[in-house]
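Pasting a structure here, questions to come.
The values are calculated or read from the model by the stated rules, or taken from the named source; none is laboratory data. If you're wondering where the values come from, they're calculated on a predicted model, not measured in any experiment. Methodologically, a virtual Cβ is constructed for each residue, glycine included, from the backbone with ideal geometry; neighbour enumeration extends over all protein chains shown. These accessible areas exclude ligands, DNA and RNA; they are computed on the full protein's heavy atoms, side chains included. Shrake-Rupley method; radii C 1.70, N 1.55, O 1.52, S 1.80 Å.
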Amino acid sequence: MTILTVAELIDWSRAQFALTAMYHWLFVPLTLGLGFICAFMETIYYRRGFDPEWRRITRFWMRLFAINFAIGVATGLILEFEFGTNWSNYSFFVGDIFGAPLAIEGIFAFFMESTFFAVMFFGWNRVSPRFHLTSTWLTAIGANLSAYWILVANSWMQYPVGMAFNIETARNEMIDFAAVAFSPVALAKFSHTVTSGFLLASVFVVAISAWYLIRRREEEMAKKSMKIASVFGIVSAVIVAFTGDISGVQTAKYQPAKLAAMEGLYKGEEGAALTVIGSLNPEKRAGDDKPVFEWGWSIDKMLSVLAYHDPNAFVPGFDDLVYGNEEQGIMSVKEKMARGKEAVAKMTAYREALADNDEAMMAELKELFDPATPKGKEFKKEYFDYLGYAYLTSETDIIPPVGLVFYSFRVMVALGMWFIVLFAGVLLMLKKGMITRWKWALWLMLLSLPLPYIAGQAGWIVAEVGRQPWTVQGLLPTNVSVSELGSEAVKTTFWIFAVLFTVLLVSEISIMVRQIKIGPDKVSE
């Protein structure tokens, strides 16, 4: 297999996984948020003595939830299978850890979600109102529990903890489930991600309700739905901003190269400024003296405040991260590569000792890879923690695509601020009884429907593209994670999935539009 073919295989494998993940995330966030909105509505129906109007409203939004839920399952299943088909080296090396939360998600959370979904959707006249309400809540909770375990797995890739390397099997094994399941990165990522789903669902309900008001149909239903969605949405938007701040602090601590890409930071500095908006210089490279921005507007010391909650804190840039900064205690990539190669050499020595049946050497090397021994702890800290750097081809490989991450981050933040304004405006107009007075405002609500989807995709670009070149941060780079497949096979399935997912998306939109046009009267008994 030529170098070019390997490069193509890596690119097409990444493209296929990105395609599946991006389509999947078009369906998931609506499920996360709309399930709770339906639960809120049915709770009002239950507490108000089974008001038939609230039953109509609940069943209408529940129908849209069901359409989205059914189609979203298909992309999720394909996404998990791709770990085995396209990323078998990754799955072999860390599958014992990564697979555990995914197994819990499938056995427990998804089973719970799908079981109670059936009762929620089909059980209106078949079970008691209390049991039906409970099922609706458990469906919403189950969907978010599924998201939790998937995000635990993803967060471990960003911040690998709770593991030990087994030299005999050449695999990483979980030694601390709690460290994996409740890592600070996992908790922050879950909170940030699911509340962004709540926000998306709130915009969805507001936008569809605005359409009804524009058409002067179902005005009471639309106003009631808007009120619930806007309250839920503005609370979610504030939490998204708060958890985003927490994620920023963790990124500075555990993934400084990602933070440097988010801010276009090349030369680290104390009291680093935050670039609010700007145009990157496409010719800028680490180590040169070219300007970073063609133009930009920044706020002094704000990046240090956001990253470390200290206005005078040092924030490293790519020059520091690539070439090292002895004053700040930052090791160069060249030194990390050398240490990683030393770890690889010890692994090779163990295989040779095994082949020669040299039990003394095997015992010595096993102790070196055992983190429970003093030698093992020192070796892990000094060498094994840099294992992934051994497979880099250049010092600058640790720099992710700066432009894509930089601009995506600003799109995400700008839209997040807009959603707060949107929900506050809707609530104010509802309170003042002005919601139907300004048609342009209703159109603004309706046209905002695609924006949370764009914000969500931008957020995942920051999270996933920003951690390149790593599949597992610092431990396993992307170029050694792929399966040994022909690039043509991956390329062919990429286009098959592209067509399939597009058909699913178009089908979902067309079915939803049809149900929205029918309205709640036609979906209640």
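Based on the Cβ-Cβ distance from Ser298 to Ala118, what FRET efficiency comes out when R0 is 51 Å, to the nearest 0.05? Mind showing how you got there, number by number?
Details: r = 53 Å, r/R0 = 1.05.
That pair, Ser298 with Ala118, gives E of 0.45.
What pairs from Lys189/Lys267; Lys301/Lys431; Lys334/Lys491; Lys253/Lys491; Lys189/Lys366 go past 30 Å between their alpha carbons? Before the final figure, lay out the partial values.
Values: Lys189/Lys267 28 Å; Lys301/Lys431 40 Å; Lys334/Lys491 34 Å; Lys253/Lys491 37 Å; Lys189/Lys366 35 Å.
Checking Cα-Cα distances, Lys301/Lys431; Lys334/Lys491; Lys253/Lys491; Lys189/Lys366 exceed 30 Å.
Turning to a different aspect of this structure: For volume of the Cα convex hull per residue in Å³, which listed value, (i) 169; (ii) 137; (iii) 154, comes from the coordinates shown?
The calculated read-out lines up with (i).
Dipole of the chain (Lys/Arg Cβ +1, Asp/Glu Cβ -1, origin at the Cα centre): which of Gly317, Val499, Asn68 lies farthest to the positive side?
Asn68
Roughly speaking, what is the centre-to-centre gap between the range 268-343 and the range 173-233 when only Cα atoms are used, to the nearest Å?
The range 268-343 and the range 173-233 have Cα centres spaced 34 Å from each other.
Per 0.36 nm of contour for each residue apart, how much would the distance between Leu444 and Leu500 grow if the chain were fully extended, relative to their Cα-Cα spacing?
On the way: separation 56, 0.36 × 56 = 20.16 nm, distance 3.19 nm.
Here the segment from Leu444 to Leu500 would lengthen by 17.0 nm.
All other residues with a Cβ under 14 Å from the Cβ of Ala424 taken together, and with Lys, Arg as +1 and Asp, Glu as -1, what is their net charge? Provide the component values of the computation, followed by the final result.
On the way: positive: Lys227, Lys431, Lys432; negative: none.
Combined, the nearby Lys, Arg, Asp and Glu give +3.
Using 1/(1 + (r/R0)^6) with R0 = 25 angstrom and r between the beta carbons of Glu327 and Glu382, what's the FRET efficiency to the nearest 0.05?
The calculated FRET efficiency here is 0.75.
Taking θ as phi - 60°, what are the ³J(HN,Hα) couplings along the range 462-477 by the Karplus curve (6.51, -1.76, 1.60), each to the nearest whole Hz, with x for Gly and Pro?
3J(HN,Hα) across the range 462-477, in whole Hz: 4, 5, 9, 5, x, 9, 4, x, 9, 7, 10, 3, x, 10, 8, x.
Under a 1.4 Å probe, what is the accessible area of the range 394-446 per residue, stated in Å²?
Working: 2800 Å² over 53 residues.
Per-residue accessible area for the range 394-446 comes out at 53 Å².
Going by average Cβ neighbours within 10 Å, how do the peptides 50-58, 407-415, 374-382 rank, with the highest at the top?
On the way: 50-58: 17.3, 407-415: 19.2, 374-382: 14.1.
Taking the mean over residues of other Cβ atoms within 10 Å, the ranking is 407-415, 50-58, 374-382.
Going by a ≥ b ≥ c, the root eigenvalues of the Cα gyration tensor, does the range 159-221 fall in the rounded group (a/c under 1.5), the prolate group (a/b larger than b/c) or the oblate group? Walk me through the numbers before you get to the answer.
On the way: a/c = 6.76, a/b = 4.57, b/c = 1.48.
Prolate is the answer for the range 159-221, as a/c is 1.5 or above and a/b outweighs b/c.
OK, next. By the gyration tensor of its Cα atoms, with a ≥ b ≥ c the square roots of the eigenvalues, what is the shape of the range 63-102: rounded for a/c under 1.5, prolate for a/b over b/c, or oblate?
Working: a/c = 7.00, a/b = 2.55, b/c = 2.75.
Here the range 63-102 falls in the oblate category.
Using a Förster distance of 41 angstrom, determine the FRET efficiency expected from the C-beta separation of Leu102 and Arg437, and round it to 0.05.
Values: r = 50 Å, r/R0 = 1.23.
The formula returns an efficiency of 0.25 here.
Could you work out how far the C-alpha centroid of the range 367-387 sits from that of the range 421-487, in angstrom?
40
Return a whole-number percent for the relative contact order of the chain, with Cα pairs under 8 Å and 6 or more residues apart as the contact set.
Details: 783 pairs, mean separation 109.5, N = 525.
Worked out over the chain, it gives 21 percent.
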